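Data block below; observations after.
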Amino acid sequence: MTTFHPLQAEQWALKHFGAVDLGDRRRNQRAVRIAQGMASRSGKSIPKLFDRRADVKAAYTFMS
């Protein structure tokens with residue numbers, strides 16, 4: 001399992017998900033943020049991907 005430094009994770013997420021079109025700019029940004037969290041903290045549960053509770057809730061909302 002590869003874990004990226006946070007700056008590398010951001011670049012990776014933008015490269016692979018930056019052009020996604022989910023119909024709303026905020027959803028697009030959320031997809032990139034979730035991918036970044038998963039890349040920088042690979043193997044962790046969603047609550048451990050983010051430091052802010054609001055980001056955890058947003059990730060669960062996005063997934064549903």
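Just name the residue that is least open to solvent (accessible area, probe 1.4 Å) out of those in region 43-64 that are in a loop (DSSP other than H, G, I, E, B) and on the phi < 0 side of the Ramachandran plot. Please lay out each step first, then the result.
Step one: filter region 43-64 for residues in a loop (DSSP other than H, G, I, E, B), giving 43-45, 50-52, 64.
With on the phi < 0 side of the Ramachandran plot added as a condition, the list becomes 44-45, 50-52, 64.
Working: Lys44: 118, Ser45: 58, Phe50: 22, Asp51: 134, Arg52: 136, Ser64: 124 Å².
Among residues in region 43-64 that are in a loop (DSSP other than H, G, I, E, B) and on the phi < 0 side of the Ramachandran plot, the one least open to solvent (accessible area, probe 1.4 Å) is Phe50.
Return yes when Gly18 is out of contact with any Phe, Trp or Tyr (no Cβ under 9 Å at 6 or more places or on another chain) and at positive phi and no when it is not. No, not satisfied.
Sub-9 Å Cβ pairs linking a first residue in region 33-45 that is of a type in the set (Lys, Arg) to a second residue that is open to solvent by less than 50 Å² (accessible area, probe 1.4 Å) and not in a helix (DSSP H, G or I), at least 6 apart or interchain, are Arg33/Phe50; Arg41/Phe50, ordered by first then second residue. Of the listed requirements (1) touching a helix residue (DSSP H, G or I) at 6+ places or on another chain (Cβ under 6 Å); (2) aliphatic (A, V, I, L, M); (3) in a helix (DSSP H, G or I), Leu7 misses just one: (1).
For region 25-42, give me the residue count where each residue is in a loop (DSSP other than H, G, I, E, B) and either at pLDDT 95 or above or open to solvent by 70 Å² or more (accessible area, probe 1.4 Å) (or both). Lay out the reasoning, then the answer.
Within region 25-42, the subset in a loop (DSSP other than H, G, I, E, B) is 41-42.
Next, only the ones that are either at pLDDT 95 or above or open to solvent by 70 Å² or more (accessible area, probe 1.4 Å) (or both) stay: 41.
So the answer is 1.
The values are calculated or read from the model by the stated rules, or taken from the named source; none is laboratory data. Source: prediction; values computed, not measured. Reconstructed Cβ throughout: ideal geometry from the backbone, glycine too, with neighbour counts over all protein chains shown. We work out accessible area using only protein heavy atoms, side chains counted, and drop any ligands, DNA or RNA first. Shrake-Rupley method; radii C 1.70, N 1.55, O 1.52, S 1.80 Å.
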